[in-house]
Amino acid sequence: MKLLALDIETSGAVVRTFSLFKPFISHEAIIEHPRIICWSAQWVGTSKTLYASEFEQGRKAMLEELHDLITEADAIITYNGQGFDIPWIEGEFIVEGMSPTPPVTHIDLYRTIKQRTRFISGKLDYAVNRLLGDRKIPHAGITLWNGCAEGDPKAWATMKKYSKHDTALLLPLYDILRPWIKSHPSAAVIDGKPDGCVACGSDELRIKGRSYTKTGTYPRYQCKTCGKWQRRRQGQTIATHTAI
């Protein structure tokens with residue numbers, strides 16, 4: 001299964017405003033629209049973090065390369081990608097007149113954190129510090145984005161390092177959260193191993209109890225490699241009675 005970890009960075013809008021205190025800014029005040037300025041990605045199972053930016057490749061080439069990667073992937077791993085990265089990416093593709101990418105399963109690690117935990121913060125920096133003992137790279141805030149907007153090579157070098165590190169953090173975080181992901185794409189089906197683990201594809205499964213529904217009972221398995229629980233697709237039917 002080809003899993004692609006992905007992260008984007010965007011610019012702010014440039015607007016004309018008459019106030020700095022909670023101004024209402026109309027779309028008519030926009031001088032320059034916000035946009036994706038760079039992205040980083042890494043295939044699960046590889047060590048190389050890919051990167052492209054409008055500074056190095058130019059806007060069109062940067063987006064075309066991203067389009068090709070998504071088209072190649074079986075699933076995409078992000079952190080808050082459903083609310084941020086994916087809508088941004090698809091919006092940019094539409095603006096540039098590009099064709100839609102094929103439907104790809106999306107694994108949003110932020111959604112798993114929110115569904116499975118009561119962590120006091122949902123930020124990536126908090127999650128990786130709590131679970132990995134790692135941190136995002138600190139930066140100068142809006143000053144960094146301003147430097148990139150001005151074409152400062154040092155600012156772009158920092159942005160590249162910052163972006164690539166964010167994506168690199170997704171892979172070990174995914175390894176920890178993988179058995180907890182509720183709608184993980186089936187690695188067993190994609191890899192042609194129907195009896196394997198749905199999350200990691202491992203053949204090392206052990207039977208541990210049974211799973212019951214209203215109409216049937218199924219053997220229950222746990223993966224020895226990643227810890228994911230699953231049940232056999234076919235089970236024993238339980239006799240039912242229809243009320244009259």
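How big, in percent, is the set of alpha carbon pairs in the stretch 15-122 lying more than 23 Å apart?
Values: 2519 of 5778 pairs.
Taking all Cα-Cα pairs of the stretch 15-122, the fraction more than 23 Å apart is 44 percent.
From the list [x] 1.03; [y] 1.00; [z] 1.07, can you say which value of Rg/Rh (Cα atoms, Kirkwood Rh) was derived from the structure given?
Identified label for the calculated read-out: [z].
Please check: in the Gaussian network model of the chain (C-alpha springs, under 10 Å), which one of Thr49, Thr217, Thr105 has the largest mean-square fluctuation.
Of Thr49, Thr217, Thr105, the most mobile in the Gaussian network model is Thr217.
Compute log10 of I(q)/I(0) for the stretch 4-63 with the Debye formula, placing one identical point scatterer on every Cα and leaving out solvent, at q = 0.12, 0.14, 0.29 Å⁻¹, to two decimals.
Result of the Debye calculation: -0.46, -0.56, -1.14.
Between Gln230, Ile113, Ser47, whose Cα lies farthest towards the positive end of the dipole of the chain when Lys and Arg beta carbons carry +1 and Asp and Glu beta carbons carry -1, centred on the Cα centre?
The residue sitting most towards the positive pole is Gln230.
Build a GNM of the chain with springs between Cα atoms under 10 Å: which of Glu90, Glu65, Glu32 gets the top mean-square fluctuation?
Checking each option, the largest mean-square fluctuation is seen for Glu32.
Can you give the three extents of the C-alpha atoms in the stretch 125-244 along their principal axes, from longest to shortest, in whole Å?
73, 39, 28
In whole Å, what is the distance between the alpha-carbon centres of the stretch 13-48 and the stretch 106-152?
17 Å
Tell me, what is the percent relative contact order of the stretch 51-157, built from C-alpha pairs under 8 Å that lie six or more residues apart?
Working: 75 pairs, mean separation 22.9, N = 107.
Result for the stretch 51-157 is 21 percent.
Return the sequence-ordered ³J(HN,Hα) values of the stretch 61-66 in whole Hz as given by the Karplus equation 6.51 cos²θ - 1.76 cosθ + 1.60 applied to θ = phi - 60°, using x for Gly and Pro.
5, 4, 6, 5, 5, 5
Kindly express, to the nearest 10 degrees and within the range 0 to 90, the angle between helix 153-177's C-alpha long axis and the longest C-alpha principal axis of the chain.
So the inclination is approximately 10 degrees.
Find the accessible area per residue for the chain; the probe is 1.4 Å, ligands and nucleic acids are left out, and the unit is Å². Write down the numbers at each step before the final one.
Working: 14480 Å² over 244 residues.
Spelled out: the 1.4 Å probe surface of the chain, per residue, equals 59 Å².
Over the chain, what relative contact order in percent results from Cα pairs under 8 Å that are six or more residues apart? Provide the component values of the computation, followed by the final result.
Working: 377 pairs, mean separation 36.6, N = 244.
Computed over the chain, the figure is 15 percent.
Name the long-range amide H neighbours of Arg210: under 5 Å, sequence gap of 5 or more, or other chain; modelled H, no Pro or chain starts.
Here Arg220 satisfy the definition.
For the chain, what % of the accessible area comes from carbon and sulfur atoms, probe 1.4 Å?
Values: 7610 of 14480 Å².
The nonpolar share, carbon plus sulfur, comes to 53 percent.
Below 8 Å between Cα atoms, with a sequence gap of 6+, how large is the relative contact order for the stretch 93-212 in percent?
Across the stretch 93-212, relative contact order equals 17 percent.
Hey, what number do you get for the chain at 222 nm if only DSSP H runs of n ≥ 4 count, each worth -39500 (n - 2.57), divided across all residues, to the nearest 500?
Numbers: 7 runs with 78 residues, N = 244.
So the helix-based figure for the chain works out to -9500 deg cm²/dmol.
Taking θ = phi - 60°, what integer Hz values does the Karplus form 6.51 cos²θ - 1.76 cosθ + 1.60 yield along the stretch 192-205, in sequence order, with x for Gly and Pro?
Rounded to whole hertz, the list is x, 10, x, 9, x, 5, 5, 8, 10, x, 5, 8, 8, 10.
Of the beta bridges DSSP finds with both residues in the chain, what % are antiparallel, to the nearest 5?
Working: 24 of 31 bridges.
For the chain, the DSSP antiparallel bridge percentage is about 75.
Among Gly81, Gly216, Gly201, whose mean-square fluctuation peaks in a Gaussian network model of the chain (Cα, cutoff 10 Å)?
Gly216
Dipole of the stretch 1-152, Cα-centred, from +1 at each Lys and Arg C-beta and -1 at each Asp and Glu C-beta, to the nearest 20 debye? Walk me through the intermediate numbers first.
Numbers: 15 positive and 20 negative charges, 188 e Å.
Around 900 debye, computed over the stretch 1-152.
So if each residue of separation counts as 0.36 nm, and I subtract the Cα-Cα distance between Thr17 and Ile94, what length gain in nm does that give? Don't skip to the answer; put the middle values down first.
Numbers: separation 77, 0.36 × 77 = 27.72 nm, distance 2.83 nm.
Length gained between Thr17 and Ile94: 24.9 nm.
Can you give the FRET efficiency for Thr215 and Lys123, using 1/(1 + (r/R0)^6), R0 = 45 Å, r = Cβ-Cβ distance, to the nearest 0.05? Intermediate results must be reported in sequence, preceding the final value.
Working: r = 42 Å, r/R0 = 0.94.
My answer for the efficiency is 0.60.
The values are calculated or read from the model by the stated rules, or taken from the named source; none is laboratory data. Only a predicted model underlies this, so the values are computations on that prediction, with no experimental measurement involved. Neighbour counts run over all protein chains shown; Cβ positions are idealised from the backbone, glycine included. Ligands, DNA and RNA are excluded from the accessible area calculation, which covers all protein heavy atoms including side chains. Shrake-Rupley method; radii C 1.70, N 1.55, O 1.52, S 1.80 Å.
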